[in-house]
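Worksheet: the structure to be examined is printed underneath.
The values are calculated or read from the model by the stated rules, or taken from the named source; none is laboratory data. No experiment lies behind these values; they were computed from the predicted model shown. Virtual Cβ from ideal backbone geometry, glycine too; neighbours counted across all protein chains shown.
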Amino acid sequence: MPVVLRGPRSDYGPLPGAGVAASSRLNGGRAQMTHTIEIGLINNMPDAALQATERQFIELLDAAAGEFTVRMHFLSLPQVPRGDTVASHLQATYADMGELAAGRLDALIVTGTEPRAASLDQEPYWDSLTEIIDWAEHNTISTIWSCLAAHAAVLHLDGVRRHTLREKRFGVFACTPISDDPLLSGMPTPLSIPHARCNELKESELVSHGYRVLTRSSEAGVDMFVKQWRSLFVFFQGHPEYDVDSLLREYRRDIGRFLRGESESCPPIPKNYFDARSESALLAFEAGGRADRSPEMLASFPDDLVIRSELVRNWRASAIPVIRNWLFYLASRKS
């Protein structure tokens, strides 16, 4: 029995049936069209972010769906390390990856995960991920590849390798549309898109292999790009699905790792994200952490930080139109 979600929710209960495709119909109260759009979310995020990522994509798709009925199926790569609690959640609510071949999905959204190996093709999940890339090319109308998954897909498909950044690209960046692609219809200019990554893909290398860059930032580089295979592959280097406080939580995680000695470099403060007073407070905290590097310092992490209010509006105004346009593309090709 599928679970029906009507509108954005901050939480939802356990989905029934171990090994059964967990499905959710978004916008259940809206008028149904002829076709239901079947989307598989292959959620490979680390344990701490897994359920938040479920909710983020559900809420984003719900906000974008309009008159469309969207049914989501949840899957995850089995080679991504899991703790007992999350492993139980996956067993109870996610479909087995082997069920991809058994059912017809119109589209996939494939997330990244935290890298552990020096090179993507040395990750323990690499073989499984490349099988998904090949399957999606021949069996979906379109697939979205997010962050690390985008880097993995272009490496597998065209041998385009990502490049390590000297400093984490971290913050909210103004991205400019440079194409009249239908996926960008109704988008604000510029777009405000969160980025949180330690690697990048070079625009010149993507273009030389037939990829079309749709949006880019003078600070963050390539944001969104596409390539038409048998399936339309859409790639995000950023995170349009993020919550408003996602970068704050990620920064706090990173600074905690630095203070505990788990990371050698102090992470940058997210750019274009906090108000001036909050940035000053974080700079003072960072200076104290460098001078007295210890786990105990995390107790003095500022607790009254203010995220710039205009981001809340611009963030969703940038994310929703592209997902709505993607759903229109899926529906038009399915008709």
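Of note:
- Residue check, residue 100 hydrophobic (A, V, I, L, M, F, W, C) and in contact with an Asp or Glu (Cβ under 8 Å, 6 or more places away or on another chain): no
- Restricting attention to segment 238-272, the residues that are under 24 Å from residue 213 (Cβ atoms) and in contact with a Lys or Arg (Cβ under 8 Å, 6 or more places away or on another chain) total 1.
- Residue 241 being buried (at least 16 other Cβ atoms within 10 Å of the Cβ), free of Cβ contacts under 8 Å to residues at least 40 places away in the same chain and out of contact with any Cys (no Cβ under 7 Å at 6 or more places or on another chain): no
- Lone unmet requirement of (1) touching a strand residue (DSSP E or B) at 6+ places or on another chain (Cβ under 7 Å); (2) without any contact (Cβ under 8 Å) to a residue 12 or more places away in the chain for residue 292: (1)
- Candidates are the residues of segment 65-76 that are surrounded by 22 or more Cβ atoms within 10 Å (Cβ to Cβ) and aliphatic (A, V, I, L, M); the one that is farthest from the chain's Cα centre (by Cα) is 70.
- Residue 277 surrounded by fewer than 18 Cβ atoms within 10 Å (Cβ to Cβ), free of Cβ contacts under 8 Å to residues at least 60 places away in the same chain and not small (Gly, Ala, Ser): yes
- Segment 84-132 - residue that is charged (D, E, K, R) and assigned to a helix (DSSP H, G or I) and, of those, surrounded by the fewest Cβ atoms within 10 Å (Cβ to Cβ): 84
- Residue tally, condition under 26 Å from residue 37 (Cβ atoms) and touching a Pro at 6+ places or on another chain (Cβ under 8 Å), over segment 81-116: 5
- At least 2 residues being of a type in the set (Val, Ile, Thr) is the threshold, and among the strands (runs of 3 or more DSSP E) wholly inside segment 199-274 those reaching it are 212-217, 221-228.
- When segment 163-196 is limited to residues that are hydroxyl-bearing (Ser, Thr, Tyr) and out of contact with any Phe, Trp or Tyr (no Cβ under 6 Å at 6 or more places or on another chain), the one that is nearest to residue 227 (Cα to Cα) turns out to be 179.
- Which numbered condition residue 244 misses (of (1) modelled with pLDDT of 95 or more; (2) touching a Phe, Trp or Tyr at 6+ places or on another chain (Cβ under 9 Å)): (1)
- Conditions (1) within 22 Å of residue 140 (Cα to Cα); (2) hydrophobic (A, V, I, L, M, F, W, C); (3) over 16 Å from the mean Cα position of the chain (by Cα); (4) buried (at least 22 other Cβ atoms within 10 Å of the Cβ): number failed by residue 235: (3)
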